[in-house]
Each structure stands twice: as structure tokens, then as C-alpha cells.
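Reading through the C-alpha cells given below for one structure.
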Amino acid sequence: MVKAKVTETVGALGDYLKEQRTQSRLSLRQLAEQAGVSNPYLSQIERGLRKPSAEVLQQIAKALRISAEQLYIRAGILSPDDGVGGSVELAVLGDTGLTERQKQSLLDVYSSFLALNEADPVLAPVDPEESSEADAATAPA
């Protein structure tokens, strides 16, 4: 099931990139040159055969003059629910002191923590307001 979702996400990303490229009136070769990636690699991304790194997505976004965050969301790197302002993912992706592999490792760990918390409510963080209300309700009068 997870592999199918990844394939769907990558395919949707490829379709979106192809649409953006054609709207920009760029050939595959022109976009590949502007983004600094090989023509065959970009073709594989558009056909949904490859999942590009955040760095490659950023280069493609710059060449297409579109939002890199939109590409991150479409690639499944960012969740649309995260909000662009204080997103952990954006902070990791924007950190120039990390390699692409380190960034991906951090994002994988972060995603696994979120999935674990979602699966087991006992592990989920407690909202401070809910905590203080519960304490007030159980405090002796």
C-alpha cells in the first residue's frame, strides 16, 4: 500500500511538472538544461519513474519560476497541512549545512514520529491548555 501511494505521488508530480513545463513553453531538453539535470532523468521524473530529491525539485522550481514548496507537497516531502510558516520540513530542507542524504534522513525520522503519534494517541503530545483544564478538574477543592 505504501509503495502504491509513493508511485501515485511521483506520477502526480510528473504530470504536474509536465503541465508546468508545457505552460512555460519549454522543451524537456530546455528545462533539463536550465535546472541542471540530465534530459533522461527529467524525462523519468515526468513519467513517474523517479522520485527527485528536494534539491532537484528546488532547481526545477527555479527554472519553471514556480514555488518549490508546491513541488515538495506534490512529491510528498511536505504535507499540505503543515503550513508554510513554521514547518519542520521546510526548516530541514532550507538548512544549507546538511547534505541531501542527511536532510532526507531527518525527514524520514520526523515522518515516522508523526505516524507513530497518530497511530498511538498515548504517545501524542499533550495540548498545554487541555492539560491545565484536566488538572483543574481533578484538583482537590
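Values in this text are rule-based calculations from the coordinates and carry no lab data. Note that the structure is predicted; figures quoted are calculated from it, not measured. Cβ placement follows ideal geometry from the backbone for every residue including glycine, while neighbour counts extend to all protein chains displayed.
Data table
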read-out	value
Theoretical FRET efficiency, 1/(1+(r/R0)^6), r = Cβ-Cβ of Ser24 and Val122, R0 35 Å, to 0.05	0.10
Per-pair calculated FRET efficiency, R0 = 25 Å: Ser38 and Ala115 via Cβ, rounded to 0.05	0.15
Simple label model, 7 Å out from Cα along Cβ direction - Arg47 to Ser67, nm	3.1 nm
